[in-house]
Every structure is written in structure tokens, then in C-alpha cells.
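> The structure that follows is given in the form of C-alpha cells.
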Amino acid sequence: MIYPVISTRTPIFLTNLKTPRIHESCTKLRSISRSSQHQNPIENDIKPKTQFINPVLMTNTKSHYGFQAMLSLCGLGYWVQGFRCFPWLALNFHMAHNLNFNPSTLQLVQNSANFPMVAKPLYGILSDAFYIAGPHRIPYICIGVLLQILSWGQLALIPVTGQTLPSLMACVLLSNFGASIEEVSKDALVTEHGQKHRIKGLQSYSLMALAVGGILGNFLGGYFSHKLQPRTMFLIFSALLSFQLAISSSECLGLSHRQTPTGKSITDNIRKHLSGLMIAISEDTISKPLTWILTSIAMVPILSGSTFCYQIQCLNLDLSVIGMSKVIGQLMLLSLTLIYDHHWKQIPMRKLVGGIQFVYAFSLLLDLILVRQINAGIHISNEVFTLCFSGLAETLAQFKILPFMVLLATLCPQGCEGSFTSFVASTVCLSSLVGGFWGVGLAALLGIKGGDYTSLPVRLLIQFVAALLPLGWIYQLPMSCPAEKEMKKCIDETQVFERVVGSVRI
């Protein structure tokens, strides 16, 4: 419980106060706080009779509100990031129906659009080493949002842009380039403030905000898909991005200005953070879990394009049904995140991730039930089955990354939050790209084309077997998070290395 103590000069927030006797100690606490800040000396020597078991932590109001502003800014950013499914649902419908892309081409566009995400370490190192004459990370958020506005704005206001594949790809790549810069800055801010305020697991709250945005985006996208033109949906999302840009810009102008640390050039700072990143990821406590999650993602062929086209062309499902299935998937993701944050953190990591991977592998067989129409044999319609089970595998694939993000954010060395978190995010994105192109190649090998899905069951079985294989080296994961002494040792060694590298002029 938090008890605010209001002072006439400098407000102070007190935490970890375990006594309800506020009125007895309020005057004494004011005197103690004023004495510690050298404002109003205490005239009478007051010795309190009550002693607190836990020390009282005092935080300046400016720091408190700065932390709250960061949470609000990043929360809005993650929410908008989750809401990106709103224009993407319209874009997928536009490519499948208006442009008549076959499943392989549709999935190729979806995966190729993520190439800017692979370069996240470059953006992270740059944001660590170079301050844009302001509050460090927030200007990068503004730049990323502005690039997304330019991309979706062109698709909304210039009709010819969305009619040809080259111009369409250029806009999508520009959008994801801006999104990747913004995501790097948000992830670094969350990790930075989590370490500064000694709050573990802030990544779970980020995932909650993203899931809430995904719920609303998929719901509205499915509802308005047949009522609005895709260009109108692009324009709505551009307006939402403009609102985010206005909030981020006002927050940027309201914070104190800082500059790149003096005494070192930008090149020296970049080399310093790059060296610190290399030694950080070489630690076994980081490299082994990271290797496992990357291989478990890359080994499974992604079938999003083929599944989407099969549902639209063969099952004749309405786009609102597909949108609602993703809403239910995001609701499941939000529920799983809440359960993890309150209960599953205490479960050994190897046991938790192994269970999630096992359930994820069998959830991939649900599409096989739909393709074979087994659900019709037990009197379950395609619409009901899609609503209830279509988004389960995608939800579990997103959720299994959360324990790794919490672990790696805890081990992140101070000073290179941007480069470290961006490296982790880019490698996860790269493994997803490998899985996506692996799925495209498998579709071409089995001869899956528009209207011909006879080989789709074989592809789903291969996907199921590939998802089970990573359980063979689950021993690479720790049974639990490393002890605080080991984590501190890892971070301290990295910081010593950074200081040694930073002291050498190149």
C-alpha cells in the first residue's frame, strides 16, 4: 500500500509503509523529509516512538511522474502496434480479392515486408550511442511513427499506389521500417526503466497492451471489412498514428534535453555498445535460451498465406469470421499473459516452455481437422470451429516468447538496452522469416496453388512434426531464472568490458 505525504514545498511519495497509523507519524515524516533535503531545519528534536520494520523509500515527484509518463507513452505505442492488424486485415483482403494474388505470392509479400525488422540491432545501437538533442529514445519513436504515417497515408490517398506490386511493397517496407524503429525505442525504454526502478516483468504489461490493441483491431477490421473500402481503413489508421505522433511529440518537448556523452565521438560510442553487446550474448545464460527459442521458431514452416486463402476461397468464410477468430485469439493471449504474470512466473522455465511447445504442436493439427472436414462429421460448422480454434496456434506461438523476453530483459546489461533488446527482437523476426520462406518453399514443392489445396494436409503434418522437434533439446533452457548473484556477475562483467573498450580511443 502506498501512502502519500503532502508537503508544502516538495511532495514526496512513500512506499512499503506497513502501518495504518498515518496521523501519528505524518508530522514526523514531514520533518525528517525536510531535514534530508536541507529545506526547513527541524527546530525540535523529535524522536519517534514507532520504528518501521522496512525502510521507507522516497521518490521525487518529478521522477514518479516521469515514470508514469513513460508507461503511458509506451502503453499507447504497444496498443497502436497491436492495432496494426486493422489495416493489415484490409490489406490482405485487398491482395487476395482485388489483386488476385495466389497463396504463395500473398505469403511472400507478408514475409518480405518484415525485412526491415531484421536490421533492428542497427537502430538499437544508434539509439544507445546517439542522442537526438532531446530525451534520448522518444525522438526515435516520433521518427518511426512519422514513417508509418507516410506509408499508410500514401496507400489511403494515392489510389495507384496500392494497385501494383512494386509500389505496394515499397509502402509496406516503409511502414515496417518505421515500426521497427519505434519498437526498438519502446522495448529499450521499458527495459531501461524496469532496471532503474527495480521492476521485473514489465514486458508482460507490454504484451497486455499489445493484445488489447489486437483485440480491438481485429474486431473492427472484421466488422468494417465489407462496409468500408481498404483505402478508408488505411486512412483511419493513419489518423490514429497522427494522434500517437502528437502525444509523443508533446512528451518529447516536455522533457529535459540531453546530449551525446562528451569526450567520445559517435563512432567510439557505437563501437563501445557493439562490443558490449557481443560479450553479453556470448554468456551461456543468454546464448542458450536465445538459441532454443530461435530454432524452435525457424523450424516450423509458416502457412498463414495458404490458410487464409483456403478459408476465403474454399470454405467461403466471411472476413468478419476470420477477424473474430483473431479477436478470440488475442483474448486468449491477454488471459494467458495475466495468468503468467500472477501465477506461472514461479513455474520452472524449462517445464513451462516445454508444456507450451507441446500444446502448440498439437494445436497445429486443428487446421487439419478443418481441412478434412472432421468438424462437419460431429455437426460443428466451419464458422464455429474457425472462431473457437483457428487462432489458438498463433496465440501460443506469441505467448511462448514472453518468458524469454522477461529472462533476457533481466539479464540485459545497463547502458546497451537498445542494442540488446533490438538484437533479440531482430533475431526472433529473422527466425520467423526463415519459417515463412520455409513455408513458401514447401508450398511450391507440394504444388499448393490458388484453388488446389489437395496437398495441404501433408503440409500440416510436416508442420506438426517440426514443432515437436525442439523438445529434443529443451535441456538447454534453465530450470529457473538465474540467481541474482549470477545475473549481477554477468552484468558487472559486461559493464567492466564496456568501460575498458570505451576507454580506448580508436
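The values are calculated or read from the model by the stated rules, or taken from the named source; none is laboratory data. Only a predicted model underlies this, so the values are computations on that prediction, with no experimental measurement involved. Ideal geometry is used to build each Cβ from the backbone, glycine not excepted, and the neighbour counts take in all protein chains shown. The protein model used for the area step is the full one, side chains on, heavy atoms only, and it has no ligands, DNA or RNA in it. Shrake-Rupley method; radii C 1.70, N 1.55, O 1.52, S 1.80 Å.
> State whether one or more residues within the range 133-149 are open to solvent by 60 Å² or more (accessible area, probe 1.4 Å), part of a helix (DSSP H, G or I) and among the β-branched types (Val, Ile, Thr). Let's see the steps before the verdict.
At the first step, the residues of the range 133-149 found to be open to solvent by 60 Å² or more (accessible area, probe 1.4 Å) are 133, 143, 146.
In the following step, the residues that additionally are part of a helix (DSSP H, G or I) were identified as 143, 146.
Within this subset, residues satisfying the condition of being among the β-branched types (Val, Ile, Thr) are 143.
Yes, the conditions are met somewhere in the range 133-149.
> Separate question: For the condition of a type outside the set (Phe, Trp, Tyr), within 30 Å of Thr410 (Cβ to Cβ) and assigned to a loop (DSSP other than H, G, I, E, B), what is the one hit in Ile279, Ile286, Ile302?
Values: Ile279 fails: assigned to a loop (DSSP other than H, G, I, E, B); Ile286 fails: assigned to a loop (DSSP other than H, G, I, E, B).
Step by step, each of Ile279, Ile286, Ile302 is checked, and only Ile302 is of a type outside the set (Phe, Trp, Tyr), within 30 Å of Thr410 (Cβ to Cβ) and assigned to a loop (DSSP other than H, G, I, E, B).
> Name the single residue, out of those in the range 178-198 being farther than 12 Å from Val145 by Cβ and in contact with a Leu (Cβ under 6 Å, 6 or more places away or on another chain), that is modelled with the lowest pLDDT.
The residue in question is Gly194.
> Something else about it: So Ser185 fits all but one of (1) surrounded by fewer than 23 Cβ atoms within 10 Å (Cβ to Cβ); (2) in contact (Cβ under 8 Å) with a residue 40 or more places away in the chain; (3) assigned to a helix (DSSP H, G or I); what number is the exception?
It fails just one condition, (1).
> Quick one: would you say Leu168 is part of a helix (DSSP H, G or I) and either small (Gly, Ala, Ser) or under 19 Å from the mean Cα position of the chain (by Cα) (or both)? So that I can check it myself, show each step before the final result.
Working: part of a helix (DSSP H, G or I): yes; either small (Gly, Ala, Ser) or under 19 Å from the mean Cα position of the chain (by Cα) (or both): no.
No, not satisfied.
> Hey, could you check the range 85-99 for residues that are open to solvent by less than 40 Å² (accessible area, probe 1.4 Å) and of a type in the set (Phe, Trp, Tyr) and say which is modelled with the highest pLDDT? Break it down into steps so the answer makes sense when it comes.
Filtering the range 85-99 down to residues open to solvent by less than 40 Å² (accessible area, probe 1.4 Å) leaves 85-87, 89-96, 99.
Imposing the further condition that a residue be of a type in the set (Phe, Trp, Tyr) reduces the set to 86, 93.
Details: Phe86: 91, Phe93: 82.
Among those residues, the one meeting the criterion is Phe86.
For (1) at pLDDT 90 or above; (2) hydroxyl-bearing (Ser, Thr, Tyr); (3) touching a Pro at 6+ places or on another chain (Cβ under 7 Å), each residue gets a yes or a no:
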| residue | (1), (2), (3) |
| --- | --- |
| Leu240 | yes, no, no |
| Phe243 | yes, no, no |
| Ala246 | yes, no, no |
| Glu251 | no, no, no |
| Gly254 | no, no, no |
| Pro261 | no, no, no |
| Ile281 | no, no, no |
| Met299 | yes, no, yes |
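> Out of (1) among the basic types (Lys, Arg); (2) modelled with pLDDT of 50 or more; (3) surrounded by fewer than 12 Cβ atoms within 10 Å (Cβ to Cβ), what's the single condition that is false for Lys120?
(3)
> Let me ask another. Going through the range 210-235 one residue at a time, which ones are open to solvent by 20 Å² or more (accessible area, probe 1.4 Å) and under 23 Å from the mean Cα position of the chain (by Cα)?
Correct list: Leu210, Val212, Ile215, Leu216, Phe219, Leu220.
> Now a separate question. Take the residues in the range 392-415 that are open to solvent by 10 Å² or more (accessible area, probe 1.4 Å) and not in a helix (DSSP H, G or I); name whichever of them is nearest to Val359 (Cα to Cα).
Ile401
> Pairs needed: first member in the range 339-364, farther than 16 Å from Met479 by Cβ; second member anywhere, at pLDDT below 90 and in a loop (DSSP other than H, G, I, E, B); C-beta distance under 8 Å; at least 6 residues apart or different chains.
Asp341/Gly201
> A further question on this structure: Between a residue in the range 142-171 that is closer than 14 Å to Asn98 by Cβ and any residue that is open to solvent by less than 60 Å² (accessible area, probe 1.4 Å) and among the small types (Gly, Ala, Ser), which pairs come within a Cβ distance under 8 Å, given they are 6 or more apart or on different chains?
Pairs found: Leu155/Gly162; Val160/Ser167; Thr161/Ser167; Leu168/Gly162.
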